[in-house]
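To start, the structure under review is shown below, and the notes come after it.
The values are calculated or read from the model by the stated rules, or taken from the named source; none is laboratory data. From a predicted model like this one, the values you see are computed outputs, not experimental measurements. These area figures cover heavy atoms from the full protein model, side chains too; ligands, DNA and RNA do not enter into them. Shrake-Rupley method; radii C 1.70, N 1.55, O 1.52, S 1.80 Å.
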Amino acid sequence: MLAAALRETDVLDHRRRLFEAAPKESSRGVPKLFVELPDAGHNDILYVARTEYRAAVRDFLDRIELSRID
């Protein structure tokens with residue numbers, strides 16, 4: 001889960017609770033991951049945290065690909 005955190009404390013807390021309530025891993029064994037982007041707001045993630053966002057998405061896609069190989 002990617003979570004923008006700037007000025008969104010209540011929403012961020014809700015996202016954390018949803019994340020904690022989700023299973024620890026997918027049906028294919030891919031572990032869940034919570035990525036907080038503290039300097040980004042909901043509408044400016046790609047402008048403020050582009051590098052972190054892309055790294056998190058790349059990591060997620062790599063995890064999926066690795067789970068398909070096993």
**Study point:** Nearest-10 value in Å² for the accessible area of Asp59, using the 1.4 Å probe
**Key:** 60 Å²
Check your understanding: Roughly how much of Glu65 is accessible, in Å² to the nearest 10, using a 1.4 Å probe?
Key -> 90 Å²
Point to revise | Mean accessible surface per residue for the chain, computed with a 1.4 Å probe while every protein chain stays in place, in Å² | key: 77 Å²
Review point. Rounded to a whole number, what % of the accessible area of the chain do carbon and sulfur atoms account for, probe 1.4 Å?
Key: 54 percent
Exercise for review: Would you indicate which of [x] 72; [y] 92; [z] 80 is the value of volume of the Cα convex hull per residue in Å³ derived from the coordinates of this structure?
Suggested key: [x]
